[in-house]
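Have a look at the structure below, then the notes.
The values are calculated or read from the model by the stated rules, or taken from the named source; none is laboratory data. Just so you know, these numbers come straight off a predicted model, no measurement behind them. Note: ideal-geometry Cβ built from the backbone for every residue, glycine included; neighbour counts use all protein chains shown. To get the accessible areas, we keep the full protein, side chains included, count just its heavy atoms, and leave off ligands, DNA and RNA. Shrake-Rupley method; radii C 1.70, N 1.55, O 1.52, S 1.80 Å.
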Amino acid sequence: MKHGKYRFIAGFLVLPLAIYAIFVISPFVQAIYYSFTDWTGLSPDMKMVGLDNYARLFQDDVFWSAVGNSVTLLLLLPVVTLSLGLFFAFMLNVGGRRRKKAVIGGVRGSGTYKILYFFPQVLSVPIVALLFQFAYNPESGALNAFFDAVGLGNVQPDWLGDPQIALWCVMAAMVWANVGFYVVLFSAGMSSIPKDFYEAALLDGANRFNTFFRITLPLLWDTVQTGWIYMGILALDVSAFAFVQIMSVGPGGPDYSTEVLPLYVYQKTFRDGQAGYATAIGVSLLIVTLIFSAVVMRLGRRERLEF
């Protein structure tokens, strides 16, 4: 066994590595290759155009609008979603009133609240997007009907038709769809933190604010960092495409106000028959994703805490 351990290990790794190379590495390599061609996506005929597709990106105003919108989602969606997830999880697990049998505890009915928060995860992305599209309808939507019911009938925004607020409306739907997952995830992490830490802090006079930033957040940092990367990738992948494709006018919004990179890749490939140019956009999206992941990993690096 000692002399054959490398052959033993290699025997287990060959098949997984082969599958990974075929289904993950190979598509990346093919996409990079096609980005240097004028392939239409409908014909096997193509020719090399060098860096023309990448040079075209710098002159494409729609591409830069999509980049701006994608970066906005990339920066704000994780912050809002994870902040709400941490807040609700903290309240459900630690933020309740003190009881006789326990120094700390969550709010009453926390188990029911966790189920309610997690409910959007049961719904598929198209269903959530359609629900919010109906709610945002300027003629018969729930939001404008609510404003009319409370005496604000003169406030009737065209939620998805106004370039100033369309992207924020889509982002709100994405936050609602994902925050419940992080409530449950962070709740699971908080339940593993020893209660003695909180009890000692409260006996020393610490309030809820201090216990969150001095105990909860540091001990959950690895989970938060992973969630941050996941939410950032979600803001750049097919989830953002689905919400914008279903909800926005166009799709892409008025004046490209909700155009995002995944949607632009789809439009250039299947609507305009410019698969070579679309793959160049996809390579740009890959670069943005890698930069984001590297930055989060670098800025989020800290000493691992054991408990």
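In table form, for the structure just shown:
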item: Filtered residue count, the range 139-189, keeping only those that are within 30 Å of W228 (Cβ to Cβ) and of a type in the set (S, T, N, Q); result: 3
item: Residue list for the range 254-281, filter: small (G, A, S) and either in contact with a Cys (Cβ under 6 Å, 6 or more places away or on another chain) or more than 21 Å from L77 (Cα to Cα) (or both); result: G273, A275, G276, A278, A280
item: Among (1) within 20 Å of P251 (Cβ to Cβ); (2) under 26 Å from the mean Cα position of the chain (by Cα), the one test that Q121 misses; result: (1)
item: Residue within the range 143-155 that is at pLDDT below 90 and open to solvent by less than 30 Å² (accessible area, probe 1.4 Å) present; result: yes
item: Some residue of the range 39-47 being in contact with a strand residue (DSSP E or B) (Cβ under 7 Å, 6 or more places away or on another chain), open to solvent by 60 Å² or more (accessible area, probe 1.4 Å), at pLDDT below 95 and not acidic (D, E); result: yes
item: Restricting the range 229-265 to residues that are at pLDDT below 85 and over 15 Å from D162 (Cβ atoms), the residue that is surrounded by the fewest Cβ atoms within 10 Å (Cβ to Cβ); result: V238
item: Selection from the range 128-142 of residues that are of a type outside the set (A, V, I, L, M, F, W, C) and open to solvent by 80 Å² or more (accessible area, probe 1.4 Å); result: E139, S140
item: First in the range 22-44 and over 16 Å from V265 (Cβ atoms) and touching a residue at least 60 places away in the same chain (Cβ under 8 Å), second anywhere and in a loop (DSSP other than H, G, I, E, B) and open to solvent by 90 Å² or more (accessible area, probe 1.4 Å), Cβ under 7 Å, 6 or more apart; result: D38/K47
item: All positions within the range 209-228 that are open to solvent by 10 Å² or more (accessible area, probe 1.4 Å) and either under 24 Å from the mean Cα position of the chain (by Cα) or closer than 28 Å to A177 by Cβ (or both); result: F212, F213, L217, P218, L219, W221, D222, T223, Q225, T226, W228
item: Qualifying residue in the range 62-70 (condition: at pLDDT 80 or above and open to solvent by 60 Å² or more (accessible area, probe 1.4 Å)); result: yes
